[in-house]
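A short worksheet on the structure shown next.
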Amino acid sequence: QVQFVESGGALVQSGGSLRLSCAVSVGTGIIGVMGWWRQDPGKQPEVVASITSHGNDYYTDFVKGRFTISRDSTKNTIYLQMNNLKPADTARYYCNSIPSRRWGQGTQVTVAS
């Protein structure tokens, strides 16, 4: 079973930055496409950013230009650099493959206005 361990979430002020990290229990190149997902209370997780094993990335319109996804294959780690955070970014964030596998615990991001 592949395991994902997310970290880096925090309470920040609007306009602030965070860097989320995700440790993956297997080589990320084996998994293929990795994504950062957000989940709002009572809703299903949705992808906000993804990256292929070749480094091609994708972002939803809402985060494009503010978030950057990256992967370090030597450390089996996926990152999400979040800049210019907005209150609407408040959610629990998870990393997972696309399509998704077993979910980790996630990390909470709260942006105060």
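The values are calculated or read from the model by the stated rules, or taken from the named source; none is laboratory data. Computed from a predicted structure; not experimentally measured. As a convention, Cβ positions derive from the backbone with ideal geometry for all residues, glycine included, and neighbour counts pool all protein chains shown.
Each residue in segment 85-103 was checked for being polar (S, T, N, Q) and without any contact (Cβ under 8 Å) to a residue 12 or more places away in the chain, and 0 pass. Looking across segment 78-108, the residues that are out of contact with any helix residue (DSSP H, G or I) (no Cβ under 6 Å at 6 or more places or on another chain), in a strand (DSSP E or B) and surrounded by 17 or more Cβ atoms within 10 Å (Cβ to Cβ) come down to 78, 79, 80, 82, 91, 92, 93, 94, 95, 96, 107. Checked against (1) at pLDDT 95 or above; (2) touching a Ser or Thr at 6+ places or on another chain (Cβ under 9 Å); (3) surrounded by fewer than 17 Cβ atoms within 10 Å (Cβ to Cβ), residue 35 meets all criteria but (3). In segment 38-56, the qualifying residues are those that are β-branched (Val, Ile, Thr) and either modelled with pLDDT of 95 or more or touching a His at 6+ places or on another chain (Cβ under 6 Å) (or both), and the one that is surrounded by the most Cβ atoms within 10 Å (Cβ to Cβ) is 51.
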